[in-house]
Amino acid sequence: MDAALGPPAKMAELDDELTPMMAQYFELCDQYDEALVLFQVGDFYEAFCDAAERVARLCEITLTQRSDSTGEYAMAGIPIDNAESYIETLLDAGYRVAIADQVEDPDAVSGVVERAVTRVVTPGTLTEAELLDGADSNYVAALARGEEYGLALVDISTGACYATSVGSETAVADELRRFGPAEAIVGPDVAVDESTVFGGACLVTEYDADAFERERAEARVERYFGPPERLLAGEPERRACGALLAYAEYTRGKSGAVGPDGEPVDPDVDPEGTLDYLNHLTRYDPREYMLLDAVAVESLELFDRRSVRGHGNLTLVDTLDETACALGRRKLTDWLRRPLLDEDRIEARHEAVGELKRSPGTRERLQELLSQVYDIERLISRVSRGRANARDLRSLAATLSVVPDVREALADADSRLLTDLHATLDPLTGIREEIEAAIRPDPPQQVTEGGVIREGYDGELDELRSTERSGKQWIDDLEASERERTGIDSLKVGHTAVHGYYIEVTNANLDSVPDDYQRRQTLKNSERYYTPELKNREEEILRAEAAADDMEYDLFCRVRDQVAEAAERVQALAEKLARLDAIVAFGAVAATQGYCRPTVGADGIDIEAGRHPVVERTEESFVPNDTELGSADTAEGDTPRFVVLTGPNMSGKSTYMRQVALCCVLAQTGSFVPASSAALPILDRVFTRVGASDDIAGGRSTFMIEMTELSTILTEATEESLVLLDEVGRGTSTADGLAIARAVTEYLHDEIGAYTLFATHHHDLTAAADELTGVANRHFETSREEGSVVFDHELADGPAAASYGVEVASMAGVPEPVVERARERLSADDSSPGVGGCEGGPGTGSDSGESSDSAPPVEPSEDDDVEALLREVDVATMTPLDALNTLADLADRVE
Ligand code: ADP
Ligand code: MG
């Protein structure tokens, strides 16, 4: 057990003797023993004892001592004003943080101030705007196990909830990958491999088993969303959902909730209450969406850049991100994670995108309006949780005031989606008017210190403020009138925080001080006085001010509650604005990047002049290429559905294969595609086995990964899947590799019939095309100029003819003697069959053994030494460290 968590041992020894404040701290640590408790003392959040030492070290703040009648305690304090960055540090170190705020006004109570945990900040339940990146959602996942796996997810910052069921551990991993949760809780009996299922960045906790218990979970789901059997498909799903809600309550510091260990954290408050902002649940079936598993998402670089030498900093989502507001940015990501399968829904998006592509005026107008839209999805979640301030309400009103203009801009729309938005965008006029009438235009951050409520909104408040003002006016006039009354020209009226108002007279004029002046303070050169009337006025001002501040706060809370009641409507509006923004972004990209509207639902892929959406942005001149993959039932003479791609390294094979996949993903997301025309099928899934994902850091051998990925493809691909195979069979000997590649080709062709692009250095594989009717050869053209190779990135029919490996090596700067030697060896090997290995370079074909026999004897040299060593290397079983050592050894020998 981490000593920084739970009640400090040092305090436990003292038991009843603790001072009331420390007893309170002790108590909260006991209740929230899974979290680091930060305990408000005035302007600081304090931690004590072991927790203090931990906080001080992690946050690099000074460790101090607090002493009271019972002893000395280590103490570390974080200033509340900029607590966020410190809290983030603690989260990064793997802690949950329980924030115990003072929940009483310290001035209003005698004795110790009551404190309560108002929220537990965890990586997945962060809601502070400062800590959240607007473009990303922040999900917490819950996983329960029954016959299937039940998965529930919530984005606490927006209130979006999802639930689904899947059949296998891999399918769980695939679904999680769509959401990328920062945190997950798992029920009992969920024995999955955490790092592969959840990914390394996710904090996984086994949560209270009772919360996953069926009846309890269902009751909770019912309280939030209505009858669970109507909403959710299976028992595991309901259990996951119920447990997730319980966890959301726990992190909200909600009373009645239980902590991860199942202990109620605060027994005395209403267990029936719900978190208002969690009010809509989307149950989805993974089969409604194209499946992009973790491997595909990564190798297609949808969201994260894969390699450092890649294409600048761009990913697919960046190239599409012409969104104007945070709502749209999140929607775009969400859409890309889940491309559609339903032809009608896809076409509805295309129709709207087409309309916007054609009308730049409307598009620009909409972008301008949408750029004024605040993140109202998160904002309304703060409103519902009682954490929104007056500025938030004004931001909501500002957003609402844009809505009528947005509708206006959509007035002439034709497409289904846009006309529907025009008809249904809800400007929530009543709410906007209420906010505008109640809240000042530029309110302060704090809501308890006045300056929030507009004049004219509430008569009683105005009266208090006017009393305050006239009192202050009287005091402002006092200096002049007292100077006149006393004849002291240097008399001054002033104010200090400690002593309040005073009249100051310099020592030289003390003789002229009237009788009604009473001494308040003596300074070196002057005396300060007050009069009974001044004192009265002062008290009156203070009373009025305090009463007015309180009243403003009450009025503000009333308005906020009123807005909270409209939470569902605001969420619905947010959803629509988000969709609109994403569609407008697609329209803008289509227009500026020259994308075309694809037809979907075709039996085959037919792309004319297709481009890679990301590479084309960074490449000075990108060479477009066509793609033709035919129907699954090919007869002699039809367009095959399977293409074997050959061509030297760097000629564009990988880029080409990905561009085909990206076109399909884009089309099914609702976007236009980078091509001059495209007819596309609706793919159920894109599979990739792309060479470079060598998991060196993970320590698994690359060949093992390769075969694992390959087996997934062979067991799960269908006729409607697109399979990209880039260099399969590389991590083993040539003979093995070729045999595997050949067998895979036959299986995909004969048994599955998937759309397949297979880039290979096994030149012999091109022979398969001659034997299988549904397989064609294509290759990348290169021209040779003065002993070096020029890549024209142009795809042509048939297999690549010769090996350019050596020239590529020379271009890459491999020293000339080595290149020469390679040329020699190559010509020596020329007699052997299949030497065309495009990427393998020298020696690729000689593994079979025949060729080395027939090669003329070469004098023994270091090179042979190296070769002998290389032959002994067993790449498939080697660890990364072995590999590095071997490499170092080889380099030594060549030296
Ligand atoms: P291969 O897989 O054949 O080794 P890549 O697809 O990795 O080749 O392409 C190598 C580089 O060539 C890319 O990084 C890109 O910069 C450039 N490239 C690829 N395809 C094209 C193209 N169609 N037009 C222009 N440049 C391209
Ligand atoms: Mg490649």
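Taking residue 524 as the anchor, which lysines have their alpha carbon closer than 24 Å to its alpha carbon, excluding any fewer than eight residues away along the same chain?
Partners found: 492, 535.
Taking the 0 to 90 degree range and rounding to the nearest ten, how far is the long axis of helix 567-593 tilted relative to the main principal axis of the chain, both from C-alpha atoms?
Approximately 40 degrees, to the nearest 10.
Compute the Rg to Rh ratio over region 346-439 from the alpha carbon atoms, using the Kirkwood formula for Rh, and round to two decimal places.
Details: Rg = 15.3 Å, Rh = 14.5 Å.
Ratio of gyration radius to Kirkwood radius for region 346-439: 1.05.
Using modelled backbone amide H atoms (1.01 Å from N, in-plane), which distant-in-sequence or interchain residues come within less than 5 Å of residue 44's amide H?
80
Taking only the alpha-carbon positions of region 569-616 and ignoring solvent, what does the Debye formula give for the base-10 log of I(q)/I(0) at q = 0.20, 0.26, 0.28, 0.33 Å⁻¹?
Debye output, listed in q order: -0.83, -1.00, -1.06, -1.16.
Estimate the FRET efficiency between residue 70 and residue 93 by the formula 1/(1 + (r/R0)^6), using the beta-carbon distance for r and 30 Å for R0, to the nearest 0.05.
0.50
Per residue of region 716-723, what does 6.51 cos²θ - 1.76 cosθ + 1.60 with θ = phi - 60° give for ³J(HN,Hα)? Whole Hz please, x for Gly and Pro, Karplus curve as stated.
Karplus-based 3J(HN,Hα) across region 716-723 equals 10, 5, 10, 4, 9, 9, 10, 10 Hz.
Assuming a viscosity of 1.567 mPa s and a temperature of 4 °C, what translational diffusion coefficient in µm² per second does Stokes-Einstein assign to the chain, Rh being the Kirkwood radius over Cα pairs? Could you put the intermediate results ahead of the total?
Working: Rh = 32.6 Å.
It diffuses with D of about 40 µm²/s by this estimate.
Using a 1.4 Å probe on the protein chains only, how many percent of the accessible area of the chain belongs to carbon and sulfur?
Within the chain, the accessible surface is 46 percent carbon and sulfur.
With all protein chains present and a 1.4 Å probe, how do 237, 867, 17 order by accessible area, largest first?
17, 867, 237
With everything on Cα atoms, drop me the angle between helix 20-31 and the longest principal axis of the chain, reported from 0 to 90° to the nearest 10.
Long axis of 20-31 versus the principal axis of the chain: about 30 degrees.
Evaluated at 4 °C with a viscosity of 1.567 mPa s, what Stokes-Einstein diffusion coefficient in µm²/s does region 389-506 have when Rh comes from the Kirkwood expression over alpha-carbon pairs?
69
Counting only heavy atoms of protein chains, what accessible area per residue, in Å², does the chain have with a probe of 1.4 Å?
Numbers: 39360 Å² over 895 residues.
With the other protein chains kept in place, the chain gives 44 Å² per residue.
For region 421-426, in order, what is each residue's ³J(HN,Hα) by Karplus, 6.51 cos²θ - 1.76 cosθ + 1.60 with θ = phi - 60°, in whole Hz (x at glycine and Pro)?
5, 4, 6, 10, 4, 9
Any chance you could check the Cα centroid distance between region 539-553 and region 40-97 for me, in angstrom?
34
Antiparallel versus total DSSP beta bridges in the chain: what percent is that, nearest 5? Kindly include the intermediate steps, with their values, before the conclusion.
Details: 64 of 103 bridges.
Restricted to the chain, the bridges split so that about 60 percent are antiparallel.
What residues have an amide H closer than 5 Å to that of residue 37, excluding those fewer than 5 places away on the same chain, when H is modeled at 1.01 Å from N in the peptide plane?
So residue 37 has HN proximity to 98.
Could you name the aspartates and glutamates in cross-link range of residue 10, using Cα to Cα under 17 Å and dropping any fewer than eight places away on the same chain?
2, 27, 30, 33, 46, 50, 53, 68, 72
Subtracting the Cα-Cα distance from 0.36 nm times the residue separation, let me have the gained length for residue 543 to residue 620 in nm, one decimal.
Contour length minus Cα-Cα distance gives 20.6 nm.
Step through the table entries 331/357; 357/653; 331/653, compare each Cα-Cα distance with 25 Å, and write down the pairs that go over it.
357/653; 331/653
In units of 2.2 N^0.38 Å, what is the alpha-carbon radius of gyration of region 517-612?
Details: Rg = 33.8 Å, N = 96, 2.2 N^0.38 = 12.5 Å.
Against the compact-globule rule of thumb, the ratio is 2.71.
Once phi is turned into ³J(HN,Hα) by the Karplus curve 6.51 cos²θ - 1.76 cosθ + 1.60 with θ = phi - 60°, what whole-Hz value does each residue of region 320-334 show in order, with x for glycine and proline?
Karplus values, whole Hz, x for Gly and Pro: 8, 7, 9, 6, 9, 9, 4, 4, x, 5, 5, 5, 4, 4, 4.
So if R0 is 60 Å, what FRET efficiency would residue 883 and residue 14 give, r being the distance between their Cβ atoms, rounded to the nearest 0.05?
With R0 = 60 Å, the Cβ-Cβ based efficiency is 0.55.
The values are calculated or read from the model by the stated rules, or taken from the named source; none is laboratory data. Just so you know, these numbers come straight off a predicted model, no measurement behind them. Positions of Cβ are generated from backbone atoms using ideal geometry, with glycine treated the same way; all protein chains shown enter the neighbour counts. Ligands, DNA and RNA are excluded from the accessible area calculation, which covers all protein heavy atoms including side chains. Shrake-Rupley method; radii C 1.70, N 1.55, O 1.52, S 1.80 Å.
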